[in-house]
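Values in this text are rule-based calculations from the coordinates and carry no lab data. Remember, it's a predicted structure, so these values are computed and weren't measured experimentally. Note that we place each Cβ from the backbone using ideal geometry, even for glycine, and neighbour counts take in every protein chain shown.
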């Protein structure tokens, strides 16, 4: 039986193949791609033509070894499944592309340890870094910033360029809105303990409530997800309130879903306000009243600030950049009314065993 010849493995053409086909030294081919100004224009054009015919592609990481330039930026986000980041990513990618860079998106999966490990692997590959809603400590963020130009998004770290939404103003508008509807006791449904934004929103809510002579309380922390909102609904059932402001839209939507399953009428029994105005916040029933953040602009602004920092070799933002927040009123809030008997009965039955003082 005739033995078939071994199949030769197809390999990518190398710089040596291009050099051989062009009749030049490999170093000339290398310079034609990395430093074209140092190669005769006619020779450089011939090298590029032959390389294209052979299917040769330069390796950007290998090319970066002598220059340190990869044309890559990294955007580290807390959770890639959270719609909050969709528009931020889009804005960041647009600004990076305009600046001649490619954006790597890194998912930290709401884990400090995963974020640190991702940074250890990513920092050697990129020229700049945007940390979006980082859960790491300030000191850990500063360590990363010493290695690469860094902009912090949706959080303020002293002495580092930061870009945030005007949370105090947004929260004040939410509290004023509920106060105008007759609600006198409000519940804040908190997000992750490691979230800088969570602390800022709770602090801003207390300050606004104090000025308006409204009582507030805090429930949580909860995961910043639909599941977190479902868990919050159960807690709110035990300690009823006529109105609640959630850490973010996902928590708010999950909470409304849970409350509806328990027999609450929305918004008559509980008015709910979210934060961020994510994609889909107007798809739920009822559509969600929310404090809208300029998400796409946050992403693009952060990347442009990063590119400015890289160009000047020094941080450009001395103070945190504050982008405006806007209250978007939809169907999840209404005037305070007498709660339905089914909701009140279910709530009192549980609240009597916990903390009846929280009833509004």
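Express as a percent, rounded to the nearest 5, the fraction of DSSP beta bridges in the chain (both residues included) that run antiparallel.
Working: 3 of 39 bridges.
Here the antiparallel bridges make up roughly 10 percent for the chain.
Does anyone have the angle between helix 341-351 and the longest principal axis of the chain? Alpha-carbon axes, 0 to 90°, nearest 10?
Helix 341-351 sits at roughly 80 degrees to that axis.
Once you place label points 7 Å from the Cα toward the Cβ at residue 215 and residue 86, how far apart are they in nm?
Between residue 215 and residue 86, the simple spin-label model gives 3.9 nm.
In angstroms, what radius of gyration and Dmax does the chain have, counting Cα atoms only?
27.2, 95
Measure nothing but the geometry: give the 0 to 90° angle between the long axis through the Cα atoms of 41-54 and the longest principal axis through the Cα atoms of the chain, rounded to 10°.
So the helix axis and the longest Cα principal axis differ by about 70 degrees.
Which residues in the stretch 277-297 have a backbone N closer than 16 Å to a point placed 7 Å from the Cα of residue 337 along the Cα-to-Cβ line?
286-287
Just want the ordering: 79, 71, from fewest to most Cβ atoms lying within 10 Å of their own Cβ. Present the calculation step by step, with values, prior to reporting the outcome.
On the way: 79 19, 71 14.
So the ranking, lowest neighbour count to highest, is 71, 79.
Would you calculate, for the chain, the mean residue ellipticity at 222 nm contributed by helices, counting each DSSP H stretch of 4 or more residues as -39,500 (n - 2.57) and dividing by all residues, to the nearest 500?
On the way: 13 runs with 161 residues, N = 360.
About -14000 deg cm²/dmol.
Counting other C-beta atoms within 10 Å, which of 47, 89 has the fewest, and how do the rest follow?
On the way: 47 26, 89 18.
Fewest to most other Cβ atoms nearby, the residues stand as 89, 47.
Counting only C-alpha contacts under 8 Å and six or more residues apart, can you give the relative contact order of the stretch 116-259 as a whole percent? It would help to have the intermediate numbers written out before the result.
On the way: 230 pairs, mean separation 28.8, N = 144.
Contact order relative to length: 20 percent.
Once you put a point 7 Å from the Cα of residue 314 and another 7 Å from the Cα of residue 181, both along the Cβ direction, what distance in nm separates them?
Each label point lies 7 Å from its Cα, and together they span 4.9 nm.
Based on the Cβ-Cβ distance from residue 71 to residue 282, what FRET efficiency comes out when R0 is 35 Å, to the nearest 0.05?
On the way: r = 38 Å, r/R0 = 1.08.
So the FRET efficiency works out to roughly 0.40.
Eigenvalues of the Cα gyration tensor times 5, then square-rooted: what semi-axes does that give for the stretch 60-160, in whole angstrom, largest first?
Values: eigenvalues 85, 56, 32 Å².
Equivalent-ellipsoid dimensions as semi-axes: 21, 17, 13 Å.
Quick check: residue separation of residue 234 and residue 52 times 0.36 nm, minus the Cα distance between them. What number comes out in nm?
Values: separation 182, 0.36 × 182 = 65.52 nm, distance 6.27 nm.
In short, 59.3 nm is gained.
Taking only C-alpha pairs under 8 Å that are 6+ residues apart, what is the relative contact order of the chain in percent? Intermediate values should be presented prior to the final figure.
Details: 689 pairs, mean separation 61.2, N = 360.
That works out to 17 percent.
Need the C-alpha centroid separation for the stretch 226-267 versus the stretch 289-309, integer Å.
When both Cα centres are located, 29 Å separates them.
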